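Notes to accompany the following structure.
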Amino acid sequence: MTNDIQWSISPPVRVGLVGTGYAAKVRAEALQEDGRSQLVAVSGHTWENTVSFSQTYATTPVGSWQELVERSDIDLVVISNASQAHGPIAKAALTNDKHVVVEYPLALDVATAEEILQLARQKQKLLHIEHIELLGGWHQITQQYWDAIADVFYVRYSTINPGTPTPNKWSYNRQLFGFPLIGALSRINRLVYFLGPVATVACEEKYWPLSQASQDVYTACLVSATLKFDSGAIAHITYGKGDRFARAERQIQLDGEGGTLIVDRDRAFLVRGNEPQPLEIGSRRGLFAKDTQMVLDRLIQGTPLYIDAATSVYSLKVADAARRAAETGQTMSVDPAFSIQLLS
């Protein structure tokens, strides 16, 4: 949401939480540690998990998210469950005049995300799409040395996460997680933040299904996308996870006319000539807590957030272009009018 909308909530901000997984747990901890908020109720995927979670965090269990968003004693709904459910819950919460915080992506399809964005504007409510990658050490070091590397023309961004998923893990389900670069939208959003609008997208994908009968559930996936930006920069994104990979990789390399910045896991280097200069990189810890604090600052004090919801929706549009490119084998263009509107 844009920051020109004004509202004022007197603390404590009363919060309803949807989800009982890891992200929901760190949200609950952050909310309880900040005296300006009160965790009123929680709704989870199963009643057993919901009750257990509510006992741990001293809140009220609710049988469904539909019931939770209709409660009159809630100001803010925080959505921390499977990606497929984000859109319906966010829409229902806004319809019931609640502020909304949702983990990325806002929805699995662009039309739904745009509808929700417009609804938040009409309702004059906060819609914050979490992108904690913009609060971490990777982003901060890139921002610090952006001018030093100067005029970035090529980016290589690779994330490989080996593992053997359990068959019911939602992040290995195409219906629940969505197209990998949509479910893992931060990969595109990080680049959009620095490089701006995207002109074209090409993409390839590969899945290893759990079985012939379970094509939507997979044990591994691999996506490779090439983004060409309006600036002329080219980015190559590789995203893979699952039991077909032996070695983890989390690296981004930005080549510019003034030098190269390499961030490899928790190490960073500035390369000019043949001499790599080691750089200090910040921690990845505590980012959900920082995000939560900034949301409360926004609601109570009116201070700006670190990302506008429209920017995340634009990144979703780019990710959806990658999905269509993978399905058709064709290079897809991204609507320039939409990108200029969001990123100008």
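Please treat every number below as a calculation from the coordinates, not as lab data. Nothing here was measured: the structure is a model prediction, and the numbers come from that model. A quick note on method: Cβ atoms are made from the backbone with ideal geometry, for glycine too, and the neighbour counts reach across all protein chains shown.
A Förster radius of 45 Å combined with the Cβ-Cβ distance from Arg265 to Arg121 puts the calculated FRET efficiency at roughly 0.70.
Helical runs assigned H by DSSP (4 residues or longer) give the chain a calculated mean residue ellipticity at 222 nm of -11000 deg cm²/dmol, each run adding -39500 (n - 2.57) before division by the residue total.
Nearest 10 degrees is fine. How inclined is helix 47-56 to the longest principal axis of the chain, computing both from alpha carbons? Helix 47-56 sits at roughly 90 degrees to that axis. Within the straight-line cut-off of under 23 Å between alpha carbons, the lysines reachable from Lys290 are Lys25, Lys98, Lys125, sequence neighbours fewer than 8 places apart in one chain being disregarded. The Cα center of region 179-246 and the Cα center of region 68-85 differ in position by 28 Å. Bridging of Lys169 to lysines at a Cα separation below 16 Å is possible for Lys241, once same-chain residues fewer than 8 apart are set aside. Can you figure out the FRET efficiency of Arg285 with Asn168, using R₀ = 35 Å and their beta-carbon distance, to the nearest 0.05? Result of the calculation: an efficiency of 0.75.
With the biggest extent put first, the Cα atoms of the chain measure 59, 51, 39 Å across the principal axes.
Please return the longest stretch of the chain lacking exposed loop sites, where chymotrypsin sites (Phe, Trp or Tyr not before Pro) count only if DSSP places them in a loop and at most 16 other Cβ atoms lie within 10 Å. Numbers along the way, then the final one.
Working: sites that count: Trp7, Phe245, Tyr306.
Within the chain, the longest run free of exposed chymotrypsin sites (Phe, Trp or Tyr not before Pro) spans 8-244.
With r as the distance between the Cβ atoms of Glu327 and Phe153 and R0 = 30 Å, compute the FRET efficiency 1/(1 + (r/R0)^6) and round to 0.05.
Using R0 = 30 Å, I get an efficiency of 0.55.
Figure legend: label point modelled 7 angstrom from the Cα of Gln66 along Cα→Cβ; residues of region 87-101 with amide N under 19 Å from it are 87-98. P(r) for region 13-130, from all Cα pairs and a bin width of 10 Å, is 15, 51, 29, 4 %, short bins first.
Its Cα gyration tensor gives region 236-344 an equivalent ellipsoid. The semi-axes, each the square root of 5 times an eigenvalue, are 27, 26, 18 Å from largest down. Loop only by DSSP, 16 or fewer other Cβ within 10 Å of the Cβ. Give me the GluC sites (Glu not before Pro) in region 208-281 that pass, ordered by residue number. Within region 208-281, the qualifying GluC sites (Glu not before Pro) (loop, at most 16 other Cβ atoms within 10 Å) are Glu257, Glu280.
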